[in-house]
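Report on the structure given below.
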């Protein structure tokens, strides 16, 4: 599967974009969010604990994590991109307040 995130990581890998350029793109994009269901009692909490892990969301930070686990990103590159994504999410949250 290919998303704009995987394309940015590929551009970083092939040298057509710098880490700073990719990080800037990460800061400027909107990141999909998972809907977290609210549990109201222990039975619902137990059922939620038994469910499968969250499904993969194309174009989310899942793509970055997968690239890191494949060895396509170094620790320092992952940290820079994670911070850029967090900056984007914080900015979006600030706009909705």
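The values are calculated or read from the model by the stated rules, or taken from the named source; none is laboratory data. As the structure is a prediction and not an experimental result, all values here were calculated from the model. For neighbour counting, all protein chains shown are included, and Cβ atoms are generated from backbone atoms with ideal geometry for every residue, glycine included.
Does residue 94 qualify as being more than 14 Å from the chain's Cα centre (by Cα), exposed (fewer than 12 other Cβ atoms within 10 Å of the Cβ), in a helix (DSSP H, G or I) and at pLDDT below 95? Quick ask: steps written out before the conclusion?
Values: more than 14 Å from the chain's Cα centre (by Cα): yes; exposed (fewer than 12 other Cβ atoms within 10 Å of the Cβ): yes; in a helix (DSSP H, G or I): yes; at pLDDT below 95: yes.
So residue 94 fits the description; yes.
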Please list, ordered by first then second residue, the pairs with beta carbon atoms under 9 Å, 6 or more apart or interchain, first in segment 54-76 and farther than 15 Å from residue 8 by Cβ, second assigned to a loop (DSSP other than H, G, I, E, B) and modelled with pLDDT under 95. 54/34; 55/34; 56/1; 57/32; 57/33; 57/34
Helices (runs of 4 or more DSSP H) enclosed by segment 1-79 - at least 1 residues per element that are surrounded by 11 or more Cβ atoms within 10 Å (Cβ to Cβ) and at pLDDT below 80: 42-50
